Amino acid sequence: MKVGLLLCDDVREQLQVKYGDYPHMFSALFAPCEPSGGVTLVFYRVLDGHFPQDIDECDGYIISGSRDCVNDDLAWIHALEDYVRQLNERQKKCVGICFGHQMIAKALGGTVARSKKGWGLGVMTSQLSKTMPWMADAADGISTLSLVMSHQDQVISLPPSANILASSAFCPYGMFQMGSHFVGIQGHPEFSTDYCHDLITLRSEIISAELLKQSILSLNTQPDALWIAQSIVNFFK
């Protein structure tokens with residue numbers, strides 16, 4: 001099975017030596033999953049205008065995070081929004097991560113805006129409001145989802161017919177599903193806590209000392225990255 005990763009950004013240059021770029025992070029995320037041997041990631045730099053020539057080149061797609069905003073007036077962002085609508089029309093499976101999550105919501109009638117609550121940084125926990133058959137260990141009664149967060153924008157209204165899967169007081173629409181083909185996830189399962197620590201440190205001049213301390217302390221919580229990665233593999237299969 002081929003899954004296309006629609007790349008919307010690069011890891012900051014000063015962190016790539018230690019952590020690699022997004023293709024490396026996503027490859028590492030899915031490597032431990034079972035059954036993942038049949039999953040091949042194909043990379044498309046949509047931020048450079050490189051989209052699949054045929055929508056059926058892959059069995060499904062993942063939209064990555066980005067430092068840009070889905071409301072930015074950039075040609076590649078407008079093109080990606082159109083592409084999301086095409087994926088929806090074809091009922092093609094797609095998972096959006098952070099910026100990708102917000103792009104799915106915006107393209108299909110939701111609203112995205114800068115959160116009045118400020119930065120979401122570090123490991124944050126949401127309550128699972130609904131379990132789906134594709135979720136790993138769904139029968140085991142898992143009730144919370146902890147993931148690394150790194151965002152200022154949020155989905156503030158969902159598209160019609162979207163179902164909320166996870167939420168918190170800070171981020172009410174932390175994960176949602178539309179039909180059987182679209183899932184949006186605000187968190188970053190591909191981010192390790194070490195990477196998040198270094199990314200937060202780089203932002204120390206633009207965030208408060210209290211937020212810096214709080215977000216770094218949150219990294220002591222183990223994120224459910226493997227759980228969500230296995231769930232994504234199940235969703236595509």
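The values are calculated or read from the model by the stated rules, or taken from the named source; none is laboratory data. Just so it is clear, the model here is predicted, and its values are computed rather than measured. Every residue, glycine as well, gets a Cβ built from its backbone with ideal geometry; the counts of neighbours run over all protein chains shown. Surface accessibility is based on the protein's heavy atoms, side chains included, excluding ligands, DNA and RNA. Shrake-Rupley method; radii C 1.70, N 1.55, O 1.52, S 1.80 Å.
Tabulated results
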| quantity | calculated |
| --- | --- |
| Residue ID - farthest from Asp82 (Cα to Cα), chosen from residues in the range 1-40 that are open to solvent by 40 Å² or more (accessible area, probe 1.4 Å) and of a type in the set (A, V, I, L, M, F, W, C) | Val17 |
| Out of Ala166, Ala136, Ala162, sole residue that is surrounded by fewer than 21 Cβ atoms within 10 Å (Cβ to Cβ), in contact (Cβ under 8 Å) with a residue 12 or more places away in the chain, more than 24 Å from Ile206 (Cα to Cα) and among the small types (Gly, Ala, Ser) | Ala136 |
| The range 162-201, residues that are in contact with a Phe, Trp or Tyr (Cβ under 8 Å, 6 or more places away or on another chain), β-branched (Val, Ile, Thr) and more than 20 Å from Met132 (Cα to Cα) | none |
| Condition met for Lys117 (over 18 Å from Val11 (Cα atoms), in contact with a Phe, Trp or Tyr (Cβ under 7 Å, 6 or more places away or on another chain), assigned to a loop (DSSP other than H, G, I, E, B) and open to solvent by 50 Å² or more (accessible area, probe 1.4 Å)) | yes |
| Selection count where residues are surrounded by fewer than 16 Cβ atoms within 10 Å (Cβ to Cβ), part of a helix (DSSP H, G or I) and in contact with a helix residue (DSSP H, G or I) (Cβ under 8 Å, 6 or more places away or on another chain), scope the range 83-114 | 2 |
| Residue match in the range 149-156 (condition: in a strand (DSSP E or B), under 28 Å from Arg12 (Cα atoms), open to solvent by 10 Å² or more (accessible area, probe 1.4 Å) and of a type in the set (Gly, Ala, Ser)) | yes |
| Some residue of the range 44-52 being within 15 Å of the chain's Cα centre (by Cα) and within 20 Å of Ser150 (Cβ to Cβ) | no |
| Selection count, the range 52-63, where residues are open to solvent by less than 40 Å² (accessible area, probe 1.4 Å) and without any contact (Cβ under 8 Å) to a residue 60 or more places away in the chain | 5 |
| The range 169-216: number of residues that are farther than 22 Å from Ile142 by Cα, outside any loop (DSSP other than H, G, I, E, B) and open to solvent by 30 Å² or more (accessible area, probe 1.4 Å) | 12 |
| Failed item, numbered, when Leu219 is tested on (1) farther than 30 Å from Pro133 by Cα; (2) open to solvent by 20 Å² or more (accessible area, probe 1.4 Å) | (1) |
| Filter pass, Gly38 being within 17 Å of the chain's Cα centre (by Cα) and either modelled with pLDDT under 95 or not in a loop (DSSP other than H, G, I, E, B) (or both) | no |
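Residues are listed down the side, and each one gets a yes or a no for (1) touching a Cys at 6+ places or on another chain (Cβ under 7 Å); (2) farther than 25 Å from Tyr19 by Cα:
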position: Phe99; (1), (2): yes, no
position: Gly109; (1), (2): no, yes
position: Leu147; (1), (2): no, no
position: Ile185; (1), (2): no, no
position: Phe191; (1), (2): no, no
position: Ile207; (1), (2): no, no
